[in-house]
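Written out below as structure tokens is the structure these notes cover.
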Amino acid sequence: MSQPGLPEQGPHRPDPLGPPGALDQAAQQNLIQDVGRVLLRSMPPAWSEVTVEYRAVGAHSEISAQLLAPNGTPIPLAVPAESGELFARLRHGMHEPDRGTWISALYRLQRPSSYSVDFNGDYEPTWQHPPPAEAFAAELRTYPRAGVNIPGWLARNAGVPDATGTATRAPALRTAEVFDAVDEDGRPQVDRPEVAADELTGLVDYLDRAPIVLAARSYDTDQLDPASPASVPLTFHTDGQWIWPGAVGYYLRTHGVAPDAELVSHIRRAGFRVPEVDEHLRELAVSVITGEEHR
């Protein structure tokens, strides 16, 4: 869509915590214009055009921008964090039943204030940083699609059957992500409630003691302390209802990074006691992690 200019103000923004798909056309247009206003305020004195691409799947999101100088020279541009927040709210609010929501948006702003935006819900964008495997299944849990509307790349990464013309859902096992997102410089971002001091030991013990279903012999680099020796376990655990990387327990124990809030609630409800996990559930967890259809 294209528009000749940006009005000075728009109506009140909708609640970002509202249900998926809650934005009507007017509210969507207002958020699109808000993106332009935020970008205009951050522009240097001399510019001709700026292009911003926002990409997201599950809780993984990225944003990149390029400014075109008057002489035609492209220049990488750091955009305000607020623009990413607006894109996230727009993506959440534009969900359509059985169709999901868009995966990437390309926003072009031309001097002095004309703009256009294109949304892509079908094709996998070129990621700056590969999303974690669990982000794809999380996408389908949060923004469900009918099977015919699940593109092949998303189905494979999420571990669900490809399009068949019938309703398809994500695997029953839920998957926890280590971090919520990464910023444009690749730094992990987390926005979760802190773990209470009296629950820390119980949570770490549960996360570490749950059965390991996949493991590598090596260790990964600590993303919050890259200079330290590689010590992050490359493992996956399951308790029969959730799957999580061994890194979840590591970052909680080492840096106090809280796990997914819903996983914490689940562990709390279990009384911090790991249940028995039968072989079928372990095999199902492996199929979800590797993206293979479980039979």
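The values are calculated or read from the model by the stated rules, or taken from the named source; none is laboratory data. Worth saying up front: this structure is predicted, and the values here are computed from it rather than measured. When we count neighbours, we look across all protein chains shown, and the Cβ atoms used for this are built from the backbone with ideal geometry, even at glycine. Quick note on the areas: whole protein, heavy atoms, side chains included, nothing else; ligands and nucleic acids left out. Shrake-Rupley method; radii C 1.70, N 1.55, O 1.52, S 1.80 Å.
Residues of the chain: accessible area per residue at 1.4 Å, in Å²?
Values: 15120 Å² over 295 residues.
Here the residues of the chain average 51 Å² of exposed surface.
Using the Kirkwood radius over C-alpha pairs as Rh, can you work out the diffusion coefficient of segment 55-155 via Stokes-Einstein at 20 °C, viscosity 1.002 mPa s, in µm² per second?
It diffuses with D of about 144 µm²/s by this estimate.
Which whole-number percent of Cα pairs in segment 164-295 have a distance greater than 25 Å? Let's see the in-between values first.
On the way: 2445 of 8646 pairs.
More than 25 Å apart: 28 percent of the Cα pairs in segment 164-295.
Please state the shape class of segment 182-250: rounded when a/c is under 1.5, otherwise prolate if a/b exceeds b/c and oblate if not, all from the C-alpha gyration tensor. Present the calculation step by step, with values, prior to reporting the outcome.
Values: a/c = 1.72, a/b = 1.17, b/c = 1.48.
The shape class here is oblate.
In a solvent-free Debye calculation with one equal scatterer on each Cα, what is log10 I(q)/I(0) for segment 12-85 at q = 0.24 Å⁻¹, listed in the order of the q values?
-1.18
Considering only protein heavy atoms and a probe of 1.4 Å, how much of the accessible area of the chain is carbon and sulfur, as a whole percent? Can you show the working numbers first?
On the way: 7660 of 15120 Å².
Carbon and sulfur together cover 51 percent of it.
Can you sort D222, D122 by solvent-accessible area, 1.4 Å probe, largest first? Before the final figure, lay out each step's value.
Details: D222 0, D122 85 Å².
Putting D222, D122 in descending order of accessible area: D122, D222.
I need the P(r) histogram for the chain: all alpha carbon pairs, bin width 5 Å from 0 out to the longest distance, whole percents.
1, 5, 11, 14, 15, 15, 13, 11, 7, 5, 2, 1, 0, 0
With a 10 Å radius around each residue's Cβ, average the other Cβ atoms per peptide and rank 204-211, 270-277, highest first. Please list the in-between numbers first.
Values: 204-211: 19.4, 270-277: 12.8.
Taking the mean over residues of other Cβ atoms within 10 Å, the ranking is 204-211, 270-277.
Whole-Å semi-axes of segment 42-88's equivalent ellipsoid, largest first, each the root of 5 times a Cα gyration tensor eigenvalue? Write down the numbers at each step before the final one.
Details: eigenvalues 114, 23, 8 Å².
Over the Cα atoms of segment 42-88, the semi-axes work out to 24, 11, 6 Å.
Mind putting together the pair-distance distribution for segment 225-295? All Cα pairs, 10 Å bins, whole percent per bin, short to long.
Calculated over all Cα pairs of segment 225-295, the distribution is 17, 43, 31, 9, 0 percent.
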